[in-house]
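Presented below is the structure to which this report refers.
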Amino acid sequence: MKRVIVGLSGGVDSSVAAYLLKEQGYEVIGLFMKNWHDDSVTISNECPWLDDSNDAMIVADKLGIPFQTVDLSEQYKERIVDYMFHEYEKGRTPNPDVLCNREIKFDVFMKIALELGADYVATGHYCRKATLEKDGKEIYQLLAGVDTNKDQSYFLCQLSQEQLSKSLFPIGELTKPQVREIAAKLDLVTADKKDSQGLCFIGKVRLPEFLQQQLKPKEGVIVEIPESNQAFHKETPSFSNKLEELEYLSEKASYQVADGKVVGKHQGAHYFTKGQRKGLAVGGTAEPLFVIDTNVDDNVIYTGQGKQHPGLYKRALFVSNEEVHWVREDLALQVGETMKVQARIRYRQELQNATLYQVENGMYVEFEKPQSAITEGQFVAWHHGEELIGSGVIS
């Protein structure tokens, strides 16, 4: 019997994952990760870790599997929270869920599981793993979950071949309603539990208050940039080569306060992200205002009216070499090579047709159609069909 350690989070997905593995004849152990101690920034009673760990324990008891809790809050603070503060400070918007999988669940947690004699680690992610043989070597594939509405392969876009080799995703072949149905039949306490929202394992966090622990509020102005601004009506220059064009298409716009009008005040540019609409508290415009850029050095937020504002759209992005990650290392591009892919720049976005261009210092991703709110610090993930083959941090 192979031993599998399941990350039991106290939710319905990991509960059913544990049940399915037991049915398949594995020796299953449930392990709950405690990653957070500070309840002062979590929103009242929404998914505090204590309720979750109790639910996980009740599920383990019901399934007749051993259960224990591990405290990873120190590593979580170091690898996720500190990183988040650091990124926000630089005016970037990190994705803690992707990081949490790479750094905590499939690294720190996985090492603990392997030390406990596990052959595999399993989670309740909606994705699938497949294997293929190439040049006599086994290669692991990360595939989208069958439930297109819940596919979570994006959150695992930073996993390595080594991590995938030791991972199992038991519910990847199921839809969410099927998972809930199984849990209901088994009368599991988590059957009707709402999906957790917010930071991986912390629960719903009030982000500004959370960030204020380290990043002090400081008042700045909100500037509205009109669509008539000349930056949006420049003639496209002619390029002598593709690289010049890619540099031009992925260039970050630069605005000055004088380019628009001051329409309000904010408490810190680093609390805002591109494409954000909520929290600006500016009224009186024909269409809602969206953040089109933030400047943390000058502490200014630039906004534009409406979802179609040209300041939101770009056709290409850049990922520096140290941030390029291939799940399928065998497909990695060499300098000068290109590859047609489908890509997304955020979770749940429909896959978009794109082309990768590997250059000396990194990789350009050029989209067929302009993309809204390409945000520095977020992850771009690229696919061949239902297989996620690589990803990178947008720079």
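Can you spot a residue in the range 282-289 that is more than 22 Å from Tyr313 (Cβ to Cβ) and either surrounded by fewer than 19 Cβ atoms within 10 Å (Cβ to Cβ) or in the same structural domain as Gly304 (by TED's automatic domain parsing) (or both)? There is at least one residue in the range 282-289 that is more than 22 Å from Tyr313 (Cβ to Cβ) and either surrounded by fewer than 19 Cβ atoms within 10 Å (Cβ to Cβ) or in the same structural domain as Gly304 (by TED's automatic domain parsing) (or both).
Number of residues in the range 12-38 that are of a type outside the set (Asp, Glu), modelled with pLDDT under 95 and surrounded by fewer than 22 Cβ atoms within 10 Å (Cβ to Cβ): the value is 2. Under the condition of being surrounded by 15 or more Cβ atoms within 10 Å (Cβ to Cβ) and of a type outside the set (A, V, I, L, M, F, W, C), the residues counted in the range 248-278 number 14. So, Glu138, is that one under 22 Å from His383 (Cβ atoms), over 24 Å from the mean Cα position of the chain (by Cα), acidic (Asp, Glu) and not in a helix (DSSP H, G or I) or not? Yes: the conditions hold for Glu138.
Would you say Val121 is under 19 Å from the mean Cα position of the chain (by Cα), in the same structural domain as Glu27 (by TED's automatic domain parsing), over 17 Å from Phe379 (Cβ atoms) and not polar (S, T, N, Q)? No. Applying the condition of being among the charged types (D, E, K, R) and not in a strand (DSSP E or B) to the range 332-348 and asking which residue is modelled with the lowest pLDDT yields Arg348.
Based on this model, can you work out whether Glu322 counts as more than 30 Å from Gly264 (Cα to Cα) and in a helix (DSSP H, G or I)? Answer is yes for this residue.
Results for (1) touching a helix residue (DSSP H, G or I) at 6+ places or on another chain (Cβ under 9 Å); (2) small (Gly, Ala, Ser); (3) at pLDDT 95 or above, shown as yes or no for each residue.
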{"position": "Phe169", "(1), (2), (3)": "yes, no, yes"}
{"position": "Val179", "(1), (2), (3)": "yes, no, yes"}
{"position": "Ile182", "(1), (2), (3)": "yes, no, yes"}
{"position": "Ala191", "(1), (2), (3)": "yes, yes, no"}
{"position": "Phe201", "(1), (2), (3)": "yes, no, no"}
{"position": "Leu207", "(1), (2), (3)": "yes, no, no"}
{"position": "Gln214", "(1), (2), (3)": "yes, no, no"}
{"position": "Gly220", "(1), (2), (3)": "yes, yes, yes"}
{"position": "Glu224", "(1), (2), (3)": "no, no, yes"}
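Do the conditions hold for Ser73, that is, is it surrounded by fewer than 20 Cβ atoms within 10 Å (Cβ to Cβ), among the small types (Gly, Ala, Ser) and at pLDDT below 85? Spelling it out, it is not the case that Ser73 is surrounded by fewer than 20 Cβ atoms within 10 Å (Cβ to Cβ), among the small types (Gly, Ala, Ser) and at pLDDT below 85. Against the test of being at pLDDT below 95 and of a type outside the set (A, V, I, L, M, F, W, C), the options Asp195, Asp187 yield a single qualifying residue, Asp195. Here Val335 clears all of (1) more than 21 Å from the chain's Cα centre (by Cα); (2) closer than 26 Å to Gln158 by Cα; (3) surrounded by 15 or more Cβ atoms within 10 Å (Cβ to Cβ); (4) not polar (S, T, N, Q) except the condition numbered (3).
Residue-wise test of (1) modelled with pLDDT under 95; (2) not in a strand (DSSP E or B).
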{"site": "Ala281", "(1), (2)": "yes, yes"}
{"site": "Phe290", "(1), (2)": "no, no"}
{"site": "Asp293", "(1), (2)": "no, no"}
{"site": "Lys314", "(1), (2)": "no, no"}
{"site": "Asp330", "(1), (2)": "no, yes"}
{"site": "Glu350", "(1), (2)": "no, yes"}
{"site": "Ala354", "(1), (2)": "no, no"}
{"site": "Gln371", "(1), (2)": "no, no"}
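The requirement of being without any contact (Cβ under 8 Å) to a residue 40 or more places away in the chain, under 29 Å from the mean Cα position of the chain (by Cα), outside any loop (DSSP other than H, G, I, E, B) and not assigned by TED's automatic domain parsing to the domain that holds Ala343 is fulfilled nowhere in the range 258-266; no residue meets it. Cβ-Cβ contacts under 7 Å between residues 6 or more apart (or on different chains), taken from a first residue in the range 1-27 that is over 17 Å from Lys166 (Cβ atoms) and part of a loop (DSSP other than H, G, I, E, B) to a second residue that is modelled with pLDDT under 95 and of a type in the set (Lys, Arg), are listed as Gly11/Lys193.
The values are calculated or read from the model by the stated rules, or taken from the named source; none is laboratory data. Remember, it's a predicted structure, so these values are computed and weren't measured experimentally. A quick note on method: Cβ atoms are made from the backbone with ideal geometry, for glycine too, and the neighbour counts reach across all protein chains shown.
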